[in-house]
Amino acid sequence: MAIVLNNAILADIDPIGVETGSLRIEGGKIVARGSVSAAPGDETIDCGGAVVLPGMVNGHTHLYSALAVGMPPPPRMPGNFLEILQLIWWRLDQALDAESIELSAKIGAIEALHCGTTTLIDHHASPNAIAGSLDWIERGIAAVGLRGVLCYETTDRHGKDGRFDGLAENRRFLQKCAASKDGRFAGLVGGHAPFTLDDDSLGFLGQLAESFDCGVHIHVAEDPCDEERCRREHHVDLITRLDRHGLLRPRSLLAHCTHLDEAAIERVRSIGLTIAHNTRSNMNNAVGYAPVGKFKCPILLGTDGIGADMFAEARSAWFKSRDGHAGISPQRVIGMLAQSARRASDSLGVTLGKLHTGAAADIVVTDYRPFTPVQSDNVVGHLLFGLAARHVRHVLIGGQFAMRDRAIISCPEAQIRDAARLATERMWQRLAAI
Ligand SMILES: [Zn+2]
């Protein structure tokens, strides 16, 4: 049965534009756009003249932190970025087990769905439960109906065994995805950050990415400590070190890049790398502001684990670009949303982020009926200053309703929330002992 979305303001983000019309959805894809009439047996949805958008893609996130909301405070106030990791996140990730990992993914995906986010590019860590962890994340996301591009963040923080377990989990998941190619899940090769990876580890990551012809998803220069430690311990700059070990592949995804200098930025551009910008996380960690105005490469927008509200993240990215004198246009900020969708499309082998014929039917129907004129040359103003997650009414993923009239129908949301609360209590007890 086909679904016809009628009477909609179709707001495109790639390229940016607006058209009033209808969409016909069949077989998981958009099969017609414009003036579409329903056939007998079709389900027709009257969008009431409201804005319809493509499903949003979160370009860099950490579902494992979904159950961190309200977590017990660290033993003392972190004084810098390294201490934020040591006192908060590197304790939380050790407390995760299979149950809390899957529930983290379910809760993170539910929160995303309410915001119209339909695909998550995730970066996972659970040092005491590595083998199988990407399957638990996959199961959690799939239960809610979203898509995911997953990896395990390999690190040397737990010795050689921990490193090899991380590499093995990436390899196992990549093999599984290569066999299924279902358009729902795909893998990248995950690495934590250069400052927690020795040269051998970087080499293994590069080789693994090469053998699967995929990219490496890694934090780079989030804080000045990454570059400083690289120069001090390896006597080379960060980007050269990553290049030497084969990590700078066209499909690699470098998260943050908050502290790259002009020469490094030029090399990133010349290789055609992709960067994930995470405005609110960078502010929360007080690590500084990424030079987004200087990057000439594709920039994705991510939340870095602070929910999955891409409307709020885009608005913050715009505010921060003004506050930080980045000199970028509002179109460039919306372009970050488009780039996140392009990157996920490349991994998943489906077309996301578009409302065109042939694209995957990942669609957000809002109840946002603009009270000022909307056309192609001002829709970015509506996206940044008008639309918000509260306007998300229906969400379709692969042509199926996952949320309808704000009620999630893909999974028992209330039951999952109850289960998460109980699992979190147990997880926080383990956390207290770490
Ligand atoms: Zn991150």
Whole-Å distance linking the alpha carbon centroid of segment 5-56 with that of segment 363-396 is 14
If R₀ is 25 angstrom, what is the calculated FRET efficiency for the pair residue 176 and residue 198, using the beta carbon separation as r and rounding to 0.05? 0.35
If Lys and Arg each add +1 and Asp and Glu each add -1, what is the summed charge of the other residues whose beta carbon sits under 12 Å from the beta carbon of residue 28? 0
Taking N as the number of residues in the chain, what is its alpha-carbon radius of gyration divided by 2.2 N^0.38 Å? 0.95
Just name one of 397, 175, 204: the one whose Cα is farthest towards the positive end of the charge dipole of the chain (beta-carbon charges, Lys/Arg +1, Asp/Glu -1). 397
Over segment 389-434, calculate the relative contact order: mean separation of alpha carbon pairs under 8 Å at least 6 apart, over the residue count, as a percent. 19
Using a cut-off of 14 Å between beta-carbons, work out the net charge of the residues near residue 211 (Lys and Arg +1, Asp and Glu -1, residue 211 not included). +2
Between residue 371 and residue 83, what is the label-point separation in nm under the 7 Å Cα-to-beta-carbon projection? 4.7
Accessible heavy-atom area order of 424, 20, highest first, probe of 1.4 Å: 20, 424
Please label the shape of segment 41-190 as rounded, prolate or oblate, based on the square roots a ≥ b ≥ c of the eigenvalues of the alpha-carbon gyration tensor (a/c under 1.5 means rounded; beyond that, a/b larger than b/c means prolate, else oblate). oblate
Suppose every Lys and Arg Cβ carries +1 and every Asp and Glu Cβ carries -1, with no other charges. What dipole size does the chain come out with about its Cα centre, to the nearest 20 debye? 440
Would you calculate the convex hull of the Cα atoms in segment 123-254 and tell me its volume per residue in Å³? 100
Would you please give the FRET efficiency between residue 406 and residue 231, computed as 1/(1 + (r/R0)^6) with r the Cβ-Cβ distance and R0 = 45 Å, to the nearest 0.05? 0.30
Given Cα pairs under 8 Å that are at least 6 residues apart, what percent is the relative contact order of segment 323-412? 23
Alpha carbon centroid spacing (whole Å) that separates segment 155-183 from segment 240-258: 18
For segment 374-434: rounded, prolate or oblate by the Cα gyration tensor [a/c cutoff 1.5]: oblate
Quick one: with all protein chains in place, what share of the accessible area of segment 83-193 is carbon or sulfur, to the nearest percent (1.4 Å probe)? 52
Highest to lowest packing among 384-391, 195-202, 363-370, scored as the average C-beta count within 10 Å: 363-370, 195-202, 384-391
Which FRET efficiency, nearest 0.05, do residue 269 and residue 37 yield, Cβ-Cβ r, R0 41 Å? 0.30
Given only helices, namely DSSP H runs of n ≥ 4 each adding -39500 (n - 2.57), what is the per-residue ellipticity at 222 nm of the chain, to the nearest 500 deg cm²/dmol? -12000 deg cm²/dmol
I need to check one value: relative contact order of the chain, counting alpha carbon pairs closer than 8 Å and at least 6 residues apart, in percent. 22
At residue 46 and residue 99, where each label point lies 7 Å from the Cα along Cα→Cβ, what is the point-to-point distance in nanometres? 4.9
Once you put a point 7 Å from the Cα of residue 243 and another 7 Å from the Cα of residue 294, both along the Cβ direction, what distance in nm separates them? 1.6
Under 10 Å from the Cβ of residue 156, count the other residues' Cβ atoms, weight Lys and Arg +1, Asp and Glu -1, and hand me the total. +1
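The values are calculated or read from the model by the stated rules, or taken from the named source; none is laboratory data. If you're wondering where the values come from, they're calculated on a predicted model, not measured in any experiment. When we count neighbours, we look across all protein chains shown, and the Cβ atoms used for this are built from the backbone with ideal geometry, even at glycine. For the accessible areas, the whole protein counts, side chains as well, though only heavy atoms, and no ligand, DNA or RNA atoms are used. Shrake-Rupley method; radii C 1.70, N 1.55, O 1.52, S 1.80 Å.
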